[in-house]
Amino acid sequence: MNHDRILILDFGSQVTQLIARRVREAHVYCEVHSCEVTDEFIREFKPTGIILSGSHMSAYEESTDEAPKAVFEMGVPVLGICYGMQTMAMQLGGKVESGAQREFGYAEVREHGHTKLLENLYDFIDDDGHNYLKVWMSHGDKVTQMPEGFKLMCSTPTCPIAGMADEKRGFYAVQFHPEVTHTEKGRQILENFVLRICKANPDWVMGNFAVEAVEKIRAQVGEDEVILGLSGGVDSSVTAALIHKAIGEQLTCVFVDNGLLRLHEREQVAQTFRENMGMKLVVVDASDRFMAALDGVTDPEAKRKIIGRLFVEVFQEEAAKLPRAKWLAQGTIYPDVIESNGAKTKKAQTIKSHHNVGGLPDTLHLKLLEPLRELFKDEVRELGIELGLPAEMVYRHPFPGPGLGVRILGAIKREYADLLREADAIFIEELRAADWYDKVSQAFVVFLPVKSVGVMGDGRTYDWVVSLRAVQTSDFMTAKWAHLPYELLGKVSNRIINEVKGINRVVYDVSGKPPATIEWE
Ligand code: XMP
């Protein structure tokens, strides 16, 4: 693929991924790599421009990482962000000092010098006619002397050099974070950098991607057969659709019903992929096996392990029936790649541990086919639509690998799963009807193994309790509980209690993450 490429060097900031997302939103291809790459790597990468990220946002320890020398010798534009600005200043002969005061959060920076980076971008003009940007800052150290050739680009009262530029060499640096949405003109600043300063061609669009990826898959796979574990989630579904487009009948998808799926999920997957798309799809009903293995198990991590292990076993049995399969397709996406690279170089501090169930073992002796490795989630969704998948599938809330297994607290029983499925379907149906489904990031019902007393008609009931959970989040690492309207909550509660025999009480979870997690187990 012959795209212009922006190289993002990661110094360990939690928000480096956002730089990549903003660049991609400008339709320019980019990759994130550790700041420890070699000069040779950078030369071979042939970047159209380079961005140096910030460092740990919340950590107080000082970084001593430097950008490889090639960054400043390639003759391509460079943008330093936060720590990236400081290292640029140091490496080119300026000075950086520890700030007595940490600046964290909202700031207003005044623009100077009319640089190309900030051209025509401002949030307000003060009485003296100076342009200001509303930005988000997070730093302790700051540049106190610019390297030769640089001019002042912006300032705040506490950070007199909040931005600098050497426009002849195409070097720009800002102390604030243009990649976060709190910096109101951030997206345009990054767009200016990649489109106007680097002059990158904005050719990264999903229509092109699909065409290129299809060719690449055909070339890679040849006449071989491919198998894929389809979960019905966005990533595996889009992977399946893309590979199917490339090699049709050479792809076999395996869908495992573990008895812990949502209402009618198995039928929906079969309908979409087998009936509508004409894919070879093997549906395995392994629910008895899963239920038997989970019998009496109450510990959440133990449940996760059993579900994960059994999935691998069932999948392997199916793979053994397809001896001509040489490839295993997986729905790995770019954040997974960045996260595991980051984990390798230990640059970013780990917040969330990996919860993927589909970690298939090497013993399958299959080569890996991961056609979405370069894509962010939004891009995967766009591609899914491009490939003709239904919007309800592409924009569906995430569903954990262990499924309802972690939404039935304690021991799992088929009877509980059946009740939960029905209650969950009612909640989702009402969210959609009230136009709330797309306003929350994830919503579901949790089965509590608690019985409480109720009254229905003339009779006393002694039945189960469920909790509704709905959260809003951009990254699933932190989340707020959704302020659903009382009328909606009331309607859902009424319907569940009236329609699902065995449930007589519905509660709403009003806990944020942290300190709670999104799932209850
Ligand atoms: P928590 O509960 O950790 O959830 O706040 C964050 C996101 O991860 C999903 N999740 C899982 N996904 N296997 C998965 O594939 C798991 O074991 C698992 N546990 C949590 C959860 O649904 C939410 O989107």
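Considering segment 478-521, and only residues there that are within 16 Å of the ligand (Cβ to nearest atom) and touching a residue at least 60 places away in the same chain (Cβ under 8 Å), the residue that is surrounded by the most Cβ atoms within 10 Å (Cβ to Cβ) turns out to be 518. Within segment 395-404, the presence of a residue that is surrounded by fewer than 21 Cβ atoms within 10 Å (Cβ to Cβ), assigned to a helix (DSSP H, G or I) and either of a type in the set (Asp, Glu) or at negative phi (or both) is excluded.
Determine whether residue 171 is open to solvent by 10 Å² or more (accessible area, probe 1.4 Å) and not hydroxyl-bearing (Ser, Thr, Tyr). In short, no.
Among the residues of segment 1-14, just one is open to solvent by 20 Å² or more (accessible area, probe 1.4 Å) and aliphatic (A, V, I, L, M), namely 1. Looking for something under 19 Å from residue 52 (Cα atoms), crowded, with 19+ Cβ neighbours inside 10 Å, at pLDDT below 95 and in contact with an Asp or Glu (Cβ under 6 Å, 6 or more places away or on another chain) - is there at least one such residue anywhere in segment 109-121? Checked segment 109-121: no residue is under 19 Å from residue 52 (Cα atoms), crowded, with 19+ Cβ neighbours inside 10 Å, at pLDDT below 95 and in contact with an Asp or Glu (Cβ under 6 Å, 6 or more places away or on another chain). Considering only residues of segment 462-477 that are open to solvent by 20 Å² or more (accessible area, probe 1.4 Å) and under 22 Å from residue 505 (Cβ atoms), which is nearest to the ligand (Cβ to nearest atom)? Step by step, filter segment 462-477, then rank; the result is 464. Taking the criterion of being touching a Gly at 6+ places or on another chain (Cβ under 9 Å), more than 19 Å from residue 113 (Cβ to Cβ) and in a loop (DSSP other than H, G, I, E, B), the residues of segment 170-207 that qualify are 177, 179, 180, 182, 198, 199, 200. On the given criteria, is residue 214 in contact (Cβ under 8 Å) with a residue 12 or more places away in the chain, β-branched (Val, Ile, Thr) and surrounded by fewer than 21 Cβ atoms within 10 Å (Cβ to Cβ)? So residue 214 fits the description; yes. I'd like to check something: does segment 374-384 contain any residue that is modelled with pLDDT of 90 or more, small (Gly, Ala, Ser), under 29 Å from residue 246 (Cα atoms) and outside any loop (DSSP other than H, G, I, E, B)? Yes, segment 374-384 contains at least one residue that is modelled with pLDDT of 90 or more, small (Gly, Ala, Ser), under 29 Å from residue 246 (Cα atoms) and outside any loop (DSSP other than H, G, I, E, B). The residues of segment 142-165 that are assigned to a strand (DSSP E or B) and surrounded by 19 or more Cβ atoms within 10 Å (Cβ to Cβ), listed by number, are 142, 143, 153, 154, 163, 164, 165.
Is it the case, given these coordinates, that residue 88 is at pLDDT 95 or above and either within 33 Å of the chain's Cα centre (by Cα) or surrounded by fewer than 18 Cβ atoms within 10 Å (Cβ to Cβ) (or both)? Yes, satisfied. If we keep just the residues of segment 220-235 that are more than 20 Å from residue 365 (Cα to Cα) and in a helix (DSSP H, G or I), which is least open to solvent (accessible area, probe 1.4 Å)? Here the answer is 234. Number of residues in segment 414-430 that are of a type in the set (A, V, I, L, M, F, W, C), in contact with a helix residue (DSSP H, G or I) (Cβ under 7 Å, 6 or more places away or on another chain) and more than 16 Å from the ligand (Cβ to nearest atom) equals 3. Every condition in (1) within 30 Å of residue 218 (Cα to Cα); (2) surrounded by 21 or more Cβ atoms within 10 Å (Cβ to Cβ) is met by residue 424 except one, and the failing one is (1). When the criteria are applied in full, residue 411 meets the requirement of being more than 23 Å from the chain's Cα centre (by Cα) and either under 26 Å from residue 286 (Cβ atoms) or within 14 Å of the ligand (Cβ to nearest atom) (or both). The residues of segment 308-326 that are assigned to a helix (DSSP H, G or I) and in contact with a Leu (Cβ under 7 Å, 6 or more places away or on another chain), listed by number, are 312, 315, 316, 319.
Report, ordered by the first and then the second residue, all pairs with beta carbons closer than 7 Å, sequence separation of six or more or different chains, a first member in segment 431-442 that is more than 11 Å from residue 397 (Cβ to Cβ), and a second member that is more than 15 Å from the ligand (Cβ to nearest atom). As it stands, the answer is 434/488; 436/484; 436/488, since those pairs meet every condition given.
The values are calculated or read from the model by the stated rules, or taken from the named source; none is laboratory data. Because the structure is a prediction, the values reported are computed rather than measured. Positions of Cβ are backbone-derived with ideal geometry, glycine not excepted, and every protein chain shown enters the neighbour counts. What goes into the accessible areas is simple: the full protein's heavy atoms, side chains included, and nothing from ligands, DNA or RNA. Shrake-Rupley method; radii C 1.70, N 1.55, O 1.52, S 1.80 Å.
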